[in-house]
Every structure is written in structure tokens, then in C-alpha cells.
Amino acid sequence: MEGEPLDFQDFHRRNRGAYVRWAGVVLGSRADAEDAVDEAMLELLSKWPAVAQKPAPEAYAWTVVKSRTIDAKRARSRRPEVVDLTAFDALAVHSADDPTDQLLTNMTIQKAIGQLPERQYDVFVLRFSLGYSTRQTADLLAVSEATVRSTVRDAKRRLARTLGVALDERTPR
């Protein structure tokens, strides 16, 4: 990274890990995720002075990362729905009375998450698959914490409707 602007180096250091983890969920492969994010970072670096002057450089960067991730998925002829084994609660499956039924339930939930609108999907993956805090998610997406909280609430409501379950509105966000 020698020769790169210091603010880009700082941006890269702060965000690359989160971007790779998110892209890994979408692509189902850490290596593919790293390639997609590295390609996005090179694109951002090539126009960094203009990016850094934008009102919300983080939002622009998130758009580039998502675009490169989707391009990688298309180039590898992958369907958007990826079964993420980390999303399955292995302990719940192994300790269930009927492990097959538990696995099918988990797959149904994963499919419903994959059908969320784009913003809800991004927030849901960052918050619950990757364990980012509301603040971290807000920073990555360049939105307010209130936006993250309301997006989580909307995603949970949509998932509850899709899955035909009652939602306890008191559930922590």
C-alpha cells in the first residue's frame, strides 16, 4: 500500500475486513470475496481524490463493493441465493429431536432472508450473520443508527410475515 494516499490506507484498513466478511456471505467463498473486494478497492483507489470529496464516501464505497460482489457472482454463474452453512445453528440441528426437520427450518429461514429487499438484506447480514453492532453497521452503510434500527425492525416484520410466525416486538435489535 506504499504510495497510496494516507486517507485511502486508513479507509482500506478500517473497512476491508467487514467488506470481505459481507461478500463472503453473498458469494459463499472467502477467496472469491477477497477477490471481489480487492477489485472494488482498486477501483476506489483509482478515483480516490474524487471519492474522498463526495459527501458520503463510505456510501459510495459500499455501492462499489456491492457492485463488484454481484459482478463476481454473475461471472461465476452463481445464483443469488447461496446456502450459508454458518447461518445454520449446528448445535440446534444436532440437539434437535428431529435434526432433519431443524435443518429444513433453518433452510427455510435462510431462503426468506435471501428474499429480503436489498437494504434489509444488507443490514440483516451485517447485524445478525456477521454480528456487527448497530453503530458498526451504520458506519459501514453510511446511514444513521436509527435507520439501521428501523431497517432491522422492518426486516424482522417481513420475515415474520413470510414465515407465518408471530413477532415479539420487544425482541432486542
Tally, over the range 131-151, of residues that are surrounded by fewer than 18 Cβ atoms within 10 Å (Cβ to Cβ), touching a residue at least 24 places away in the same chain (Cβ under 8 Å) and closer than 17 Å to residue 21 by Cα: 2
Odd one out for residue 45 among (1) surrounded by 14 or more Cβ atoms within 10 Å (Cβ to Cβ); (2) under 21 Å from residue 135 (Cα atoms): (2)
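Select the helices (runs of 4 or more DSSP H) contained entirely in the range 118-168, then report the ones holding at least 2 residues which are in contact with a helix residue (DSSP H, G or I) (Cβ under 9 Å, 6 or more places away or on another chain) and of a type in the set (Ser, Thr, Tyr).
Values: elements: 118-124, 134-141, 145-163.
Of the helices (runs of 4 or more DSSP H) lying wholly inside the range 118-168, those with at least 2 residues that are in contact with a helix residue (DSSP H, G or I) (Cβ under 9 Å, 6 or more places away or on another chain) and of a type in the set (Ser, Thr, Tyr) span 134-141, 145-163.
Residue-wise test of (1) touching a Lys or Arg at 6+ places or on another chain (Cβ under 9 Å); (2) modelled with pLDDT of 85 or more.
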site: 68; (1), (2): no, yes
site: 73; (1), (2): yes, yes
site: 82; (1), (2): yes, no
site: 92; (1), (2): no, no
site: 108; (1), (2): no, no
site: 121; (1), (2): no, yes
site: 133; (1), (2): yes, yes
Do you know which residues across the range 13-27 are surrounded by fewer than 17 Cβ atoms within 10 Å (Cβ to Cβ) and touching a residue at least 12 places away in the same chain (Cβ under 8 Å)? 16
Positions within the range 21-43 being at pLDDT 95 or above and farther than 17 Å from residue 75 by Cβ, in sequence order: 41
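The values are calculated or read from the model by the stated rules, or taken from the named source; none is laboratory data. Keep in mind the model is a prediction, meaning the values are calculated, not measured. Please note: Cβ atoms are built from the backbone with ideal geometry, for glycine as well, and neighbour counts cover all protein chains shown.
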